[in-house]
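Here's the structure we're looking at; comments come further down.
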Amino acid sequence: MNRRPEHLTAREEQILQCIRRWIEEHGEGPSVRQLADDIGLSSTASVAYHLGNLEERGALVRDGRGWRTCRLVR
């Protein structure tokens, strides 16, 4: 399912920006906890939910099981 929606929620855009910045600075994606801390969420489950939605919509792809292996789809 490689269909990127035309409209992402503000939170989804915020998560994608954070992942993009993190990859540029560190060479790999952030952990779910690091993402939660960076965007101001206390629940890692909320972050995982949003990441799952983004993956399902085709905005990012995981190369492995963890979210650190994700790649952004342009």
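The values are calculated or read from the model by the stated rules, or taken from the named source; none is laboratory data. Predicted model only: the values in this text are computed from it and were never measured. Because the Cβ atoms are built from the backbone with ideal geometry, glycine has one as well, and the counts that use them run over all protein chains shown. Surface accessibility is based on the protein's heavy atoms, side chains included, excluding ligands, DNA and RNA. Shrake-Rupley method; radii C 1.70, N 1.55, O 1.52, S 1.80 Å.
Things to note:
- Under a model in which nothing but the beta-carbon of Lys, Arg (+1) and Asp, Glu (-1) is charged, the chain shows a dipole of about 220 debye around its Cα centre.
- With all protein chains in place and a 1.4 Å probe, the accessible surface of the chain carries 45 percent carbon and sulfur.
- Per residue solvent-accessible surface (Å²) - the chain, probe of 1.4 Å: 65
- Counting every C-alpha pair in the chain, the share spaced more than 17 angstrom apart comes to 35%.
- Potential extension, residue 56-residue 9 segment - 0.36 nm per residue separation minus Cα distance: 15.5 nm
- Loop-located trypsin sites (Lys or Arg not before Pro) in the range 13-68 (DSSP state other than H, G, I, E, B) with a sparse environment of at most 11 neighbouring Cβ atoms within 10 Å: 65.
- Normalising the average separation of contacting C-alpha pairs (under 8 angstrom, six or more residues apart) by the number of residues puts the relative contact order of the chain at 34 percent.
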